[in-house]
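Just below is one structure, and these are the notes that go with it.
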Amino acid sequence: MEKYINESLAAGIIRPSSSPLGAGFFFVGKKDGSLRPCIDYRGLNQITVKNKYPLPLLASAFEPVQGATVFTKLDLRNAYHLLRIRDGDEWKAAFKTPLGQFEYLVMPFGLTKAPACFQALVNDVLRDFLNVFVFVYIDDILIYSKDLSEHKKHVRLVLQRLLENKLFVKAEKCEFHQPSVTFLGLSPAEQNYDVGDRELLAIKLALEEWRHWLEGAEHPVLVWTDHKNLA
């Protein structure tokens with residue numbers, strides 16, 4: 001915690017706070033053995049006006065890629081931290097630790113509007129590429145092409161556009177110029193599932209990703225779907 005606080009202060013992500021609010025702060029383990037900082041923003045999220053910007057359905061990723069033979073997967077670095085909190089609203093994102101109270105200057109993980117706001121940002125940056133040779137799901141970007149020569153041009157365009165907008169990728173999590181990639185948790189075998197199974201798998205993966213929030217939720221968790229086979 002001390003390392004995280006000191007690094008975040010130095011990077012200008014957080015600052016000391018005297019806010020009347022103070023959400024709980026803790027860490028959860030990640031698959032790679034590292035720790036993910038988490039803040040209990042449930043109270044704030046309950047009174048937040050939700051952002052209705054739509055996240056793409058997982059199934060919608062499969063139609064545009066028909067006929068593609070080469071794929072690149074990009075993972076954006078720092079994701080939500082690339083969005084600044086509006087001046088004057090920083091006190092709302094305050095959190096308390098044994099080292100003191102702090103507040104975020106950028107969008108933290110855990111706020112209900114974060115996914116939609118970041119999806120809107122990346123969509124705006126790559127808008128003319130979407131569903132032509134790019135599919136975006138929050139901070140995951142899939143580039144697809146019919147052949148390698150075309151693909152190299154597509155990747156170069158996307159990387160240049162991201163760089164121009166100060167969006168950077170995690171090189172260690174990217175896969176370039178592959179005949180198949182695992183995207184949004186789907187392995188090459190799972191990509192052959194029918195629509196019903198893919199929708200169900202998407203729900204499973206989402207519940208696993210948000211498990212640390214759902215297990216401690218104050219209210220029962222319901223999954224709503226308009227897919228008749230899953231209803």
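The values are calculated or read from the model by the stated rules, or taken from the named source; none is laboratory data. Note that the coordinates shown come from a computational prediction; the quantities given were computed from them, not determined experimentally. Cβ placement follows ideal geometry from the backbone for every residue including glycine, while neighbour counts extend to all protein chains displayed. Heads up: the accessible areas ignore ligands, DNA and RNA and are worked out on the full protein's heavy atoms, side chains in. Shrake-Rupley method; radii C 1.70, N 1.55, O 1.52, S 1.80 Å.
I need a count of the residues in the stretch 148-177 that are in a loop (DSSP other than H, G, I, E, B), in contact with a strand residue (DSSP E or B) (Cβ under 9 Å, 6 or more places away or on another chain) and open to solvent by 50 Å² or more (accessible area, probe 1.4 Å).
The total comes to 1.
I'd like to check something: does the stretch 96-107 contain any residue that is within 30 Å of H154 (Cα to Cα), modelled with pLDDT under 90 and surrounded by 15 or more Cβ atoms within 10 Å (Cβ to Cβ)?
Scanning the stretch 96-107, I find at least one residue that is within 30 Å of H154 (Cα to Cα), modelled with pLDDT under 90 and surrounded by 15 or more Cβ atoms within 10 Å (Cβ to Cβ), so the answer is yes.
Any idea which of S180, S145 is of a type in the set (G, A, S), open to solvent by less than 20 Å² (accessible area, probe 1.4 Å) and farther than 30 Å from L214 by Cβ?
Every option except S145 fails the conditions.
Restricting attention to the stretch 183-213, which residues are open to solvent by 50 Å² or more (accessible area, probe 1.4 Å), aliphatic (A, V, I, L, M) and at pLDDT 75 or above?
L200, L207
Scan the stretch 23-43 and tell me whether some residue there is of a type outside the set (D, E, K, R), open to solvent by 30 Å² or more (accessible area, probe 1.4 Å) and within 18 Å of V122 (Cβ to Cβ).
no
How many residues are touching a strand residue (DSSP E or B) at 6+ places or on another chain (Cβ under 9 Å) and open to solvent by 20 Å² or more (accessible area, probe 1.4 Å) when one looks only at the stretch 109-122?
3
Is it the case that the stretch 138-157 has a residue that's polar (S, T, N, Q) and within 16 Å of the chain's Cα centre (by Cα)?
no
Can you report the number of residues in the stretch 1-22 which are more than 25 Å from the chain's Cα centre (by Cα), under 17 Å from M107 (Cα atoms) and open to solvent by 30 Å² or more (accessible area, probe 1.4 Å)?
2
Just name the residue that is farthest from the chain's Cα centre (by Cα) out of those in the stretch 72-95 that are open to solvent by less than 30 Å² (accessible area, probe 1.4 Å) and more than 17 Å from Y41 (Cβ to Cβ).
Per the stated criteria, the residue is T72.
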